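> Dropping a structure here in structure tokens format, bear with me for questions.
The values are calculated or read from the model by the stated rules, or taken from the named source; none is laboratory data. Not measured: the values here are computed from a predicted model. With ideal geometry, Cβ positions are generated from the backbone for all residues, glycine too; neighbour counts draw on all protein chains shown.
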Amino acid sequence: MTAAHTAEDIIYDPSDPAVMADPFPVYARLREHDPVHWSPSLKSWIITRYTDVRDLLLSDDLSVKRLTQFYNALPPADAELLKDIIHYLNLWLAFRDPPDHTRVRRIMRHAFTAKAIEDMRPQIIEITDMLLDRLETKGKNDVDLIREYALQLPAFVIMDLLDVPRDMLDDFKEWSDDMAVFIGGARNSGDKYERAARGCQKMSSYFAQLIKERTENPKPGFLMDLINARDEGDKLSEDELIATCILVLFAGHETTTNLIGNATLLLLRHPDQLAKLKADPALIDSTIEEVLRFDGPTNALVRVAAQDHDLHGRQIREGERVFVMVNSANRDPRMFDDADRFDITRQQNRHLTFGQGIHLCLGAKLAREEGRIAVERLFARFPDLALDPSAPPEWLDAMVPRGTRRLPVLLRG
């Protein structure tokens with residue numbers, strides 16, 4: 001059987017529940033037989049090898065400015081519905097190329113300092129312990145760890161960061177979920193445009209008012225730092241500030257929720273590794289890095305071809321959509337020894353989960369810190385934590401984020 005024939009036999013269907021639960025076997029086949037795979041259902045290229053993913057993220061062959069082309073091709077009614085969300089998303093760092101990206105990232109760096117993240121550590125611990133106390137006092141043994149812990153922890157951290165009252169969690173969760181069906185590439189949501197428009201309108205209105213209030217009544221904190229951030233006299237416009245707040249809230253809580261959930265699931269499914277961590281808590285840093293590699297919270301990053309170029313004999317045309325499959329790259333045996341083994345003591349771990357190059361995630365340090373604290377204190381508080389045998393995890397239906405929508409656990413085995 002020729003490689004070309006083998007490639008034709010590979011069907012990558014991200015909406016298949018079996019693929020949602022475990023996409024890695026199909027990634028392995030694609031890496032081996034069709035590393036530059038054209039998906040007719042997605043109308044996109046699927047790139048799966050580590051060096052290709054890394055090099056493309058560093059290359060000028062791809063652009064992050066994929067929304068304008070998509071928007072211009074919409075029917076007039078859909079275009080009108082999505083006008084606001086496209087406006088704000090186009091102001092996100094994640095959707096801007098240089099020189100706009102360079103300018104905004106330079107300004108934002110003045111708020112996203114290492115010291116600012118370090119100063120948040122006591123707050124993260126306080127939130128974590130509060131949520132664990134709640135779990136302990138509820139008297140229930142079976143809980144959904146995502147809803148009761150992994151979702152709330154990073155959401156409260158980000159809400160505190162942006163000076164949003166914690167009692168607004170349900171509102172922000174609803175607005176964020178509405179936007180996620182559009183941004184995250186949900187495959188089975190028929191009303192995703194209506195939901196995305198509603199979520200964006202609610203969130204942008206809230207942050208516009210909050211920024212106005214904070215500007216008129218200054219108060220120390222991250223939001224004030226963001227408002228005051230300057231680089232050579234340049235600052236963020238009002239719309240850029242609103243867009244940045246939405247980005248920080250949306251990306252800041254979703255990625256970390258999935259990191260905490262995936263870490264817990266992996267450790268419970270690999271009791272030998274959990275035993276190592278309990279015996280040596282200093283392994284928490286390498287544990288989080290291995291979770292990020294082995295089954296990280298970012299399944300793929302989406303780009304559009306900025307120009308025609310050739311990759312492994314396939315011609316990628318300008319304007320075509322490209323999914324660089326980060327989670328596949330992180331399991332490439334060409335880069336990682338014994339790549340399909342979950343090993344919390346792994347030393348060489350140059351995963352691509354937070355991206356590469358100019359679009360390296362600004363919030364990576366915060367996500368790591370939250371992940372370390374959340375996992376360490378969860379297993380310290382509930383050492384007999386176990387998966388609920390009567391209820392399997394439910395995975396997100398999405399191309400970009402990777403995580404469970406529900407993770408039923410027993411707090412005391």
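> Take the residues in the stretch 249-265 that are of a type in the set (A, V, I, L, M, F, W, C) and out of contact with any helix residue (DSSP H, G or I) (no Cβ under 6 Å at 6 or more places or on another chain), then tell me which one is farthest from D144 (Cα to Cα).
Step one: of the stretch 249-265, the residues of a type in the set (A, V, I, L, M, F, W, C) are 249-251, 259-260, 263, 265.
Still in the list and also out of contact with any helix residue (DSSP H, G or I) (no Cβ under 6 Å at 6 or more places or on another chain): 251, 265.
On the way: A251: 22, L265: 12 Å.
Across the stretch 249-265, the extreme among qualifying residues is A251.
> Does the stretch 274-299 hold any residues that are among the small types (G, A, S) and in a helix (DSSP H, G or I), and which are they?
So the first thing to find is which residues in the stretch 274-299 are among the small types (G, A, S), and the list is 275, 279, 282, 286, 296.
Passing the criteria: A275, A279, A282, S286.
> I need the full set of residues from the stretch 317-371 which are in a helix (DSSP H, G or I) and free of Cβ contacts under 8 Å to residues at least 24 places away in the same chain, in order please.
Narrowing the stretch 317-371 to residues in a helix (DSSP H, G or I): 326-329, 357-359, 364-371.
Answer for the stretch 317-371, where residues must be in a helix (DSSP H, G or I) and free of Cβ contacts under 8 Å to residues at least 24 places away in the same chain: just A364.
> On to the next question. Of all residues in the stretch 8-35, which are within 24 Å of R405 (Cβ to Cβ) and part of a helix (DSSP H, G or I)?
Passing the criteria: P17, A18, V19, M20, A21, F24, P25, V26, Y27.
> Would you mind listing the helices (runs of 4 or more DSSP H) fully within the stretch 68-163 where at least 3 residues are under 18 Å from the mean Cα position of the chain (by Cα)? Reasoning before the result, please.
Values: elements: 76-81, 83-89, 100-108, 114-119, 121-137, 152-161.
Answer list for the stretch 68-163: 152-161.
> Quick test of your reading of the structure: R29 fulfils all but one of (1) touching a strand residue (DSSP E or B) at 6+ places or on another chain (Cβ under 8 Å); (2) at pLDDT 95 or above; (3) not polar (S, T, N, Q). Name the failing condition by number.
Here R29 meets the rest and fails (1).
> Can you go through D119, D55, D84 and tell me which one is closer than 30 Å to V375 by Cα and surrounded by fewer than 18 Cβ atoms within 10 Å (Cβ to Cβ)? Write out each step before concluding.
On the way: D55 fails: closer than 30 Å to V375 by Cα; D84 fails: closer than 30 Å to V375 by Cα.
Going through D119, D55, D84 in turn, just one is closer than 30 Å to V375 by Cα and surrounded by fewer than 18 Cβ atoms within 10 Å (Cβ to Cβ): D119.
> Please find, among G261, G221, G252, G233, the residue that is in contact with a Leu (Cβ under 9 Å, 6 or more places away or on another chain) and at positive phi. Before you say what the answer is, go through the steps one by one.
On the way: G261 fails: at positive phi; G252 fails: at positive phi; G233 fails: in contact with a Leu (Cβ under 9 Å, 6 or more places away or on another chain).
One residue alone meets the criteria, G221.
> Which residue is surrounded by the fewest Cβ atoms within 10 Å (Cβ to Cβ), if the candidates are limited to the stretch 94-114 and must be in contact (Cβ under 8 Å) with a residue 12 or more places away in the chain and under 17 Å from S59 (Cα atoms)?
P98
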